[in-house]
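The structure under discussion appears below in the form of structure tokens.
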Amino acid sequence: MRATVFLDRDGVINRRVGPGYVNVRDDFVLLPGVIQDMAWMSQRFRVVIVTNQQGIALGLTDPQLVRDLHAELADRVKRAGGHELEFFVCPHHRDSGCSCRKPRAGLLEQADQIEPVDWQSSFLVGDSDRDIEAGKRKGVTTIKIGPTGEADPDYTVASLQEARSLIERLSS
Ligand SMILES: [Mg+2]
Ligand SMILES: [Zn+2]
């Protein structure tokens, strides 16, 4: 069993694109310091990115672009001294009834099936209520970037860097 940091993608790692989706490479703009933050996290935890991408089901987002962006992200983190990142994507429409779209916990469970997660020692960082709900369903410590919202996260912070400092404090 491994302690894991689950990270939402849009709004946590890269800038949120208004109400839309990352459909072209130029829309994928990393937030400050995230490569270093993920490198640090990956040296101490398993790092799993869990992301809803219903733009794929809507035909707006090219799944190959998603794979390419994720491969590049993983590569940059490794070049910064980090370990391998893992990615789990829900490509389904919100009305599909799938079990993986957050706030459901299917993406976290997929990671657990590949390698058992030590839920109690794990964290989830997200910027929406949906992320926090998914984390709560599995009993991980939830950290929200931005306002508290309605999902009642365990902690709120302003950035991934602050989440990293918090995780460092809580896990030492
Ligand atoms: Mg988000
Ligand atoms: Zn899904």
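The values are calculated or read from the model by the stated rules, or taken from the named source; none is laboratory data. Given the structure is predicted, the values throughout are model-derived calculations rather than measurements. Neighbour counts are summed over all protein chains in view; Cβ atoms, including those assigned to glycine, are modelled from backbone coordinates with ideal geometry. Remember, those area values only see protein heavy atoms, side chains included, never the ligands or the DNA or RNA. Shrake-Rupley method; radii C 1.70, N 1.55, O 1.52, S 1.80 Å.
Worth pointing out:
- Built amide H within the under 5 Å cut-off of R2, gap 5+: V117, D118
- Square roots of 5 times each gyration tensor eigenvalue, C-alpha, the chain, largest first, Å: 22, 19, 16
- Over the chain: helical MRE at 222 nm, DSSP H runs n ≥ 4 each giving -39500 (n - 2.57), nearest 500: -10500 deg cm²/dmol
- Ranked from largest, the principal axis spans of the Cα set of segment 1-51 equal 36, 20, 14 Å.
- Cysteines in the chain that lack a partner Cβ within the 4.7 Å cut-off: C98.
- Take every DSSP beta bridge whose two residues both sit in segment 4-171; close to 5 percent of them are antiparallel.
- Taking the protein heavy atoms of the chain in the context of the full set of protein chains, the accessible area attributed to carbon and sulfur is 45 percent at 1.4 Å.
- Rolling a 1.4 Å probe over the protein heavy atoms gives the chain an accessible area of 48 Å² per residue.
- Accessible surface for D129 stands near 50 Å², nearest 10, in the context of the full protein assembly shown (1.4 Å probe).
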